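Below you'll find the structure, written out as C-alpha cells, and then a few comments.
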Amino acid sequence: MADQQAGRPSAPALVALVVGTTEAYAAGPGLDEPWPLAEVASHVARLVESVNPRWVVWSAGNGLRGVVAAGVEVPRTWDLAEAHRLLHGGWWATPGHVVAGCRGLPAREVPLPRRGLQAGFEADLFDVAGPGSDDLFTATGQLRADALEGWASTTARLAALAHLALECQREQDESMRRTAGPTAERLIRTVWSESAAAVLCLELERDGLPVDRDAAEDLIGAAAGPRPQDDADAARIRRHRDQAVLRHAPGRERTDLRNPAQVRDLLSSVGVDVPSTRAWLLEPYRHTHPLVDALLTWRKDERIATTYGYRWLDEHVGADDRLRGAWTACDGAAGRMTAQHGLHNLPAPLRPAVCATPGHAFVRADLGQVEPRVLAVVSGDRAFAEATRSDDLYAPVAAKLGVERPVAKVAVLAAMYGQRSGAAGEALEDLERAYPVAMSLLDRAYADGMARRPLRTFGGRLIPFEAPVARAGPATTQEQDAAGSAPSGIRSDGAADAARGRYARNAIIQGSAAELFKAWAATVRHEVRPLGGQIVLCLHDELLVHVPMARADEARRTVAEALARASQTWAGTDQVRFVAETSVIRRWSEAKE
C-alpha cells in the first residue's frame, strides 16, 4: 500500500469493497472474502469500529449506497471515480475510465456502460469481451463495459474486481506523487475530501431536507393559485394568472406569455423595445410601465407553478416531509456539488417552507468573500493575504488603492472574472500595482486558457482544454468537458480564445474554492455527528446543519471552528483567514442575505 511503503505506518489500512448482483466482496490486509448482501452494512460497521480502514470503492454510489442507507457511518474512503476526475479532468469516471487512466489506455476507446448505449452511443466490436466470457478485459486491454453490472455475478469475478480496485488505488496514488511532486500530499488530501463529499452525497439523498409541507402548500398557492381539481380547473387558474399581466395591455389579451416573440410584441405595444425578454434586460424598465413589473412578477410565479408547484411537492417531498433528490460530488467543470429536484435552485419565495423539525434547529453557515480569499492562497501573494485578516477583505484593499470600498470590490471581482472595461478596468490597473503576485497568477491562467494549456486547481483538479476525441456517435460528456470546459468549445477565433482565457482565470479560483468547501463540509460532517447533527444542504458556499435545539449553540461554534481547521489544513498556512457567517435559525428564510 502506498502510504505504508512510504514509511507512514499510521496510515489506515486499505480495504476494497465491491458490491455485485448477489453478494459483495472485501479485500485488504488479512481480509479476502465474500459477504452476503444482507450482511454488508454490519460487516462494514464492525470494521469501522475495530480498525477504521480507508474503504476503496469504484464509486461511493456503487460500493457504499446500501451501507449508508442502513445508517452506517463511513468516515474514510478512497473513491476511485473522484480520484480519476481529479487526475484526468472531466466528469466521466466509469470503472472503465479509471482502469484506462491507470494503465495509460486511450479514453476514447473505453467500452461504454449500458446507460451510455441507451443514450444513443454506438458500441463497437471491442465493447464486450464476448458473451459468457470470464475475461475481465477486452482484446484491447480495456475493462469490459459490464464489469460491475451483469458480469459481477460470481465470487471469483467479484474478487477480481476488488483486487483490481486496490491495484488502481495504488496506481492513482503513485501517479499523484509523480504528477504533483512536492504538492502530492495536497492532491491526496483532496482525494480524501472529494471521496468524503461523495459519501456525504449519499447521506444527503438518504436523509433529505426538512420541509414544512403546510407552509409549502400555502406558498405555492400564493404564487400559482389554488391546487387545481382537474385539467380544466388548471387551465382556468393559468388564464387568471396570465390576466394579471395582460390587463395592462387592452386588446392584447390573446398574447401567449410563454412565447418570447409574442411577449416582445406585447412589450413593444406599450413602448418597451428590448432585444430579448430576459429578466435582466427588462429589470431597468420595471417602473416605466406597469406591464413590465407585472410580467417580471408573473415569471417568478410561473416558475413556481410549472417547476416547483403542487406536482413537485407531491413527487419529491416524501411522507416524512423531507425533500430528496440525487446529489453529485463534482459537476465536472468547477468541481462543485450539485443536486436535483430544487435542492440547489429552490426559488427564494419557497425558502420559508424549509423548516427544522420540532425540537431541532438549523445552523446556517455561509462562507464570506471566499473566492478572493482563495485567490490569496492560490497565488501566495503575501500582501493580499494580509487583507484577508479583516472580516471585510474589501476594506483594506480599498484603503491600499485609495478608492471607495464598492470600487475595490468591483476591481477584485473583475480581476477574477476577466472584466476590463469601464470603472473595473481603471481600478484593475491600481490593483495590479498593489498586488502583482495575485494578479500575475490570474494573467498566467488567462494566457494558458487562450493557448489551450491544461491547468490544475490548488487542490490538483485538472482543467483540460483539448479538442474532443473521435468516437462513433455523439460526443460523450467527458469529451464535451475536455473541449467545452470553456464557453468557446473548440473554436479558434479571437473572441473564443478570449472567452476561454476568462474562463480559465476564474476556473482555477472557483474550482479551488469548491475544494475548500468540500474539505470544510467533510470536517463538519464528522464533528457535528456527536452532537446529533447532520448536514442537510450544501449550496455552493453555504452549509445547513440540522441539529437538536439543545445543542444548536454548540454546533454553531463547532461549524465555525471546523472552518478554521479545515482551511488551514487545505491552504497549508494560517496566513490567509477564511470567515463564515453562522447563525441558528428555524426556517431557511430567517438567514441574513
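Each reported figure results from applying straightforward, stated rules to the coordinates on display, with no laboratory input. If you're wondering where the values come from, they're calculated on a predicted model, not measured in any experiment. Glycine gets a Cβ as well: all are built from the backbone with ideal geometry, and neighbour counts include every protein chain shown.
Residues within the reach of a label modelled at R258 (point 7 angstrom out along Cα to beta-carbon, backbone nitrogen below 16 Å), restricted to the stretch 292-329, are 298-312.
When both bridge partners sit in the stretch 2-207, DSSP labels roughly 65% of those beta bridges antiparallel.
Starting from the Cα-Cα distance between T21 and V270, subtract it from 0.36 nm times their residue separation and give me the gain in nm to one decimal. In short, 83.2 nm is gained. To the nearest 10 degrees, how steeply does helix 422-434 sit against the main Cα axis of the chain, on a 0 to 90 scale? Helix 422-434 sits roughly 40 degrees off the main axis of the chain.
Comparing Y285, Q369, G66 along the charge dipole axis of the chain, the residue lying farthest to the positive side is Y285, per the Cβ-charge model. Assuming charge only on the beta carbon of Lys and Arg (+1) and of Asp and Glu (-1), the dipole of the stretch 2-207 about its Cα centre is about 480 debye to the nearest 20.
A simple count of charges around R456, restricted to other residues whose Cβ falls under 13 Å of its Cβ and scoring Lys, Arg +1 and Asp, Glu -1, yields +3. So, R0 is 60 Å and r is the distance between the beta-carbons of R286 and S390; what FRET efficiency does that work out to, to 0.05? Between R286 and S390 the formula returns 0.95. You can think of it this way: the chain between S153 and A399 has 81.9 nm of extra reach, that is 0.36 nm per residue less the Cα-Cα gap. Each of G141, A261, L209 was placed along the dipole of the chain (beta-carbon charges, centred on the mean Cα), and the one lying farthest toward the positive end is A261.
Quickly estimate the mean residue ellipticity at 222 nm for the chain, helices only: each DSSP H run with n ≥ 4 gives -39500 (n - 2.57), and the total goes over all residues, rounded to 500. The partial results should precede the final answer.
Details: 24 runs with 291 residues, N = 593.
Helix-only estimate at 222 nm: -15500 deg cm²/dmol.
Sorted fewest first by neighbouring Cβ atoms within 10 angstrom, K300, K400 come out as K300, K400.
Once the Cα atoms of helix 260-269 and of the chain are each reduced to a long axis, what angle between those two axes, in degrees from 0 to 90 to the nearest 10, is obtained? The angle comes out near 20 degrees. What shape does the stretch 213-314 have by the C-alpha gyration tensor, where a ≥ b ≥ c are the square roots of the eigenvalues, rounded means a/c under 1.5, and otherwise prolate means a/b greater than b/c and oblate the rest? The shape class here is prolate. Taking 19 Å as the cut-off, the amide N atoms of the stretch 170-197 that come nearer than this to a point 7 Å along the Cα-to-beta-carbon line of D32 belong to 170-171. Subtracting the Cα-Cα distance of Q575 and E554 from 0.36 nm times their residue separation leaves 4.9 nm of extension gain. Calculate the tail of P(r) for the stretch 2-207: the fraction of all Cα-Cα distances greater than 31 Å, expressed in %. Tail of P(r) above 31 Å: 16 percent of Cα pairs. Hey, can you grab everything whose amide H is under 5 Å from the amide H of G368? Only 5+ residues off in sequence or another chain; H modelled, so Pro and N-termini drop out. Amide H neighbours of G368, under 5 Å, 5+ apart: V579, A580, E581.
Here the translational diffusion coefficient of the stretch 490-574 follows from Stokes-Einstein with Rh set to the Kirkwood radius across Cα pairs; for 4 °C and 1.567 mPa s it amounts to 87 µm²/s.
Go ahead and run the numbers for FRET between Q340 and D230, Cβ-Cβ distance against an R0 of 30 Å, rounding to 0.05. With R0 = 30 Å, the Cβ-Cβ based efficiency is 0.60. Each residue of the stretch 133-143 was assigned a 3J(HN,Hα) from its phi angle through the Karplus expression (A = 6.51, B = -1.76, C = 1.60, θ = phi - 60°), giving 5, 7, 5, 7, 10, 7, 4, 8, x, 7, 5 Hz with x at Gly and Pro. Return the FRET efficiency for the residue pair Q568, A11: r is the Cβ-Cβ distance, R0 is 22 Å, and the value is rounded to the nearest 0.05. Efficiency, from the Cβ-Cβ distance: 0.55. Three semi-axes describe the equivalent ellipsoid of the stretch 347-392; taken as square roots of 5 times the Cα gyration tensor eigenvalues and ordered largest first, they are 36, 12, 8 Å.
Dividing the convex hull volume of the Cα atoms of the chain by its residue count, what figure in Å³ per residue is obtained?
With only Cα atoms used, the chain gives 186 Å³ per residue.
Computed from phi, the 3J(HN,Hα) profile of the stretch 373-388 under the Karplus parametrisation 6.51, -1.76, 1.60 (θ = phi - 60°) reads 5, 5, 4, 4, 6, 4, 7, x, 6, 5, 5, 5, 4, 4, 5, 6 Hz, with x in place of Gly and Pro. In a simple Cβ point-charge model (Lys, Arg +1; Asp, Glu -1; nothing else charged), the chain has a dipole of about 960 debye relative to its Cα centre.
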